[in-house]
Amino acid sequence: MSLALALARVDQIQRALTPRPPEPPGPAAALGPAPTASAASFASVLQGALPVAPPVGLAPPGSPPIVAAAAAEVGQAEQPPGSNDSPRIATYRQATLGSAVGPWCAYFASWAARQAGTPLGDHGEGFGSVDALSAWAQRTGRALPNGLGVVPRPGDLIVFDEHVGIVEQVLPDGRVQTIEGNSSDRVSRNVHGAGDALGYVRMS
């Protein structure tokens, strides 16, 4: 993308995020103010110069649907903390077959994949555990073990020891920015070293 196009895109995003004059109170008032971000930060992200995360609720331009779905959930948290549950987490759990309240990173990945139209599992049943998800990926040829020269794509699942997230983007220095459920009791953005993951699940 040329600098001129990047700056034009920044200007478009900035206009969309600029607060509007106050309106009479209504149901929308409970949602709080719209997120704002500096044009300089957006320009740096578009040019790949800095590893700056997009504002909460937004995915990088051109992201796959699974990333867009996950980005919209950043900040959703357990209620109460440590409970592995909340009304929203219960929704993620419904994307799996017969899962009970428990560690929910795989529930979140299953939910985001279903929202994107690419449900996990042979029959779209989703997974309640990382082990079951990994076994399915191995069996269906989707598993990509991490190693020298392996570069994930946005939208891949990223697999750790008993934890799974979604690759949001690969930063210019090779680190991997992710969106993960059940990270510090919430849906969180994280950045990992290129060698941190056990592997990836290629979704497309």
Shape verdict for the stretch 68-204, please, from the Cα gyration tensor: rounded (a/c under 1.5), prolate (a/b greater than b/c) or oblate.
oblate
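Which of rounded, prolate, oblate describes the stretch 138-204, given a ≥ b ≥ c as roots of the alpha-carbon gyration tensor eigenvalues and a/c under 1.5 marking rounded, otherwise prolate only if a/b is larger than b/c?
Details: a/c = 1.66, a/b = 1.18, b/c = 1.40.
It is oblate, given that a/c is not under 1.5 and a/b is not larger than b/c.
Going by how many other beta carbons lie within 10 Å of each one, how would you line up Leu97, Leu157, fewest first?
Numbers: Leu97 13, Leu157 30.
Result, fewest neighbours first: Leu97, Leu157.
Beta carbons within 10 angstrom, averaged per residue: use that to sort the peptides 118-125, 88-95, 102-109, highest first. Mind dumping the intermediate values first?
Working: 118-125: 15.1, 88-95: 19.5, 102-109: 24.1.
Most protected by this proxy first, the peptides run 102-109, 88-95, 118-125.
Nearest 20 debye, what's the magnitude of the dipole of the stretch 68-204 about its Cα centre given +1 on Lys and Arg Cβ and -1 on Asp and Glu Cβ? Provide the component values of the computation, followed by the final result.
Numbers: 10 positive and 14 negative charges, 69 e Å.
For this selection, approximately 340 debye.
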Amide H contacts of Tyr200 (H built 1.01 Å from N, under 5 Å, at least 5 apart or other chain):
Leu144, Asn146, Val159
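Rule-based calculations on the coordinates, nothing more; no lab input. Remember, it's a predicted structure, so these values are computed and weren't measured experimentally. Cβ atoms come from the backbone with ideal geometry, glycine included; neighbour counts cover every protein chain shown.
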